[in-house]
Amino acid sequence: METDQRGVELVDDAVVHRFVHAVLLATLLGAVAPVAIPLPFSPAPITLQVLFVFLAGLVLGPVWGAFSMVLYLTAGAVGVPVFAGFNAGLGVLFGQSGGYLWSYPFAAALIGLFVHRGTDRRDPANASLPVVVTALVAATILIYGMGSAYMSLILELNAWEAITVGALPFIPGELLKIAAAIAIVRSGRLSPNRVR
Amino acid sequence: MLTYVPDDTLAHRLDPRSKLAVQLGFAAAALTHTSPRAIFALTGLAIGILAAANVSPTRAVVAARYALLILSLAPLLAAVTLGPPWIDTDAGLTTALASYRVLLVLLVSTAAVRSTRVRDSRAAIQRTIPGRPGHLLGIGVALLFRFLPVLRTDIQTIRDAMAARLGTQRRAHERAGTIALLGLSRAFDRADRLSLALRARCFAWNPTLPPLSFSRPDIPALLLAITLLCSTLLTTIPL
């Protein structure tokens, strides 16, 4: 094995700290992926994944939140079983659910930009409730918009068919997740001081 | 669940970058070629790729079972129309073929998952994506792989503790919120300790990576990937 002979170029302490928190949040997203609550009359169960996409944007901010999501997708693509149902592989990213997965980094970045008003992080507990609600609703629309659009493209469905199978059944579950995310933020137990 | 299994198949001997190229080429070809002849050829190719990784097609379909529900529901939904003639067979058939092509893409990626170690994939990421983003992604994948079972156990512990305290009778959003909040606090406690440990061990931008090199079997794999990508380009770009 060829050893790198150059001097050691240490990673900045602040970067290490944020990077590790982003990694653990991506891991948590993979850890909750198999937790699925079946929904009657729906082809897909509720999973907690989208709640952690919300939390990535809220807690880590737009840059590290998006990085965390890109890391989650990369890990799944190379074979770590982090996608729903312990699945993995590049094929999942190009499969019928690929649109939802590709939207995660954008959704986390969008929430981060709304709530943190830029790339500097603030305590999400101090953000006004309408701002948090708008950010979460916009991110949900983005996730389901990209998910349904991709599904319609890949399975050659028309827009309404794709929305019927890929978005409508999830609306009750998503409202619950938005409520849960707001309760977590307002509890003040996730101060960004933990993720300096 | 289909994960890496040590073996000595052709797919195991390939460089992870060749396998990535073949998967991308196959996905691009499967999503653009819609004729029955092309689908027949892609099916043969998918079976060949699975054989090269010693994965039985049945095992691969079982691994992709979560996708099957939506893939089988989509053609029915496409076929049903509101108003006469009520059933549009052509639309249903088109979507059924599209669903089948998506299934082939999922099956081919199981061959790569079974034959590629995560540490090799990590090295491939760091060699393919230049600079610091590639380095962080590579290390991140390695750490994620290490911590996944730990955090799964954490989540299970939280759910067991909730069940023991009748937490399962609470409203759905409270349950989801409790799992998320406790899961995140535990994960961030671990992150604090891991961050300290990494800094104590001189976490650097220029570590020594596991060796990776292209060998003779990679040549046909890369040629296959290039052929598939070219066939896609020829279909999508009018000459």
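The values are calculated or read from the model by the stated rules, or taken from the named source; none is laboratory data. This is a predicted model, so every value here is computed, not measured. As a convention, Cβ positions derive from the backbone with ideal geometry for all residues, glycine included, and neighbour counts pool all protein chains shown.
Answer yes or no as to whether B:S35 is out of contact with any helix residue (DSSP H, G or I) (no Cβ under 9 Å at 6 or more places or on another chain), within 20 Å of B:T94 (Cα to Cα) and of a type in the set (S, T, N, Q). The answer is yes for B:S35.
Scanning segment B:189-223 for residues that are at the interface with chain A (Cβ under 7 Å from one of its Cβ atoms), closer than 30 Å to B:I155 by Cβ and part of a loop (DSSP other than H, G, I, E, B) gives a single hit, B:F203. Summed over segment B:95-116, residues that are without any contact (Cβ under 8 Å) to a residue 60 or more places away in the chain and in contact with a Pro (Cβ under 9 Å, 6 or more places away or on another chain) total 3. Taken together, A:A66, A:A75 contain a single residue that is in contact with a Leu (Cβ under 9 Å, 6 or more places away or on another chain), closer than 19 Å to A:F19 by Cβ, touching a residue at least 12 places away in the same chain (Cβ under 8 Å) and more than 7 Å from chain B (Cβ to nearest Cβ), which is A:A66. Checking A:I178 against (1) under 26 Å from B:G183 (Cα atoms); (2) outside any loop (DSSP other than H, G, I, E, B); (3) at pLDDT below 85; (4) within 9 Å of another protein chain (Cβ to nearest Cβ), which test does it fail? Result: A:I178 passes all but (3). Residue check: is B:L148 within 27 Å of the chain's Cα centre (by Cα) and modelled with pLDDT of 90 or more? Yes.
Residues in segment B:160-182 that are within 9 Å of chain A (Cβ to nearest Cβ) and within 29 Å of A:V78 (Cα to Cα): B:A176, B:I179, B:A180, B:L181. Take the conditions closer than 30 Å to B:D192 by Cα and in a helix (DSSP H, G or I) and apply them to A:I163. Does it pass? So A:I163 fails the test. I'm trying to understand the selection: among the residues of segment B:69-85, which are surrounded by fewer than 20 Cβ atoms within 10 Å (Cβ to Cβ), modelled with pLDDT of 80 or more and farther than 23 Å from A:A84 by Cα? Within segment B:69-85, B:L76, B:A79, B:V80 qualify. On the given criteria, is B:Y4 outside any helix (DSSP H, G or I) and touching a residue at least 12 places away in the same chain (Cβ under 8 Å)? Against the criterion (outside any helix (DSSP H, G or I) and touching a residue at least 12 places away in the same chain (Cβ under 8 Å)), B:Y4 qualifies.
Filtered by the rule that a residue be more than 7 Å from chain B (Cβ to nearest Cβ) and either out of contact with any Phe, Trp or Tyr (no Cβ under 7 Å at 6 or more places or on another chain) or at pLDDT below 85 (or both), segment A:3-29 gives A:Q5, A:G7, A:D12, A:A14, A:V15.
Restricting attention to segment B:40-61, does a residue exist that is without any contact (Cβ under 8 Å) to a residue 12 or more places away in the chain and aromatic (F, W, Y)? Yes - at least one qualifying residue is present in segment B:40-61.
Of the residues examined, B:L181 is one that is more than 18 Å from the chain's Cα centre (by Cα), at negative phi and surrounded by 15 or more Cβ atoms within 10 Å (Cβ to Cβ). Looking only at segment B:15-39, residues that are hydroxyl-bearing (S, T, Y) and without any contact (Cβ under 8 Å) to a residue 40 or more places away in the chain come to 1 in all. When we screen A:A56, A:A107, A:A127 for residues that are away from chain B (no Cβ under 14 Å), modelled with pLDDT of 90 or more and closer than 23 Å to A:I182 by Cα, the only hit is A:A107. Might you let me know whether segment B:18-28 holds any residue that is part of a helix (DSSP H, G or I) and over 16 Å from the mean Cα position of the chain (by Cα)? Looking through segment B:18-28, none of the residues is part of a helix (DSSP H, G or I) and over 16 Å from the mean Cα position of the chain (by Cα).
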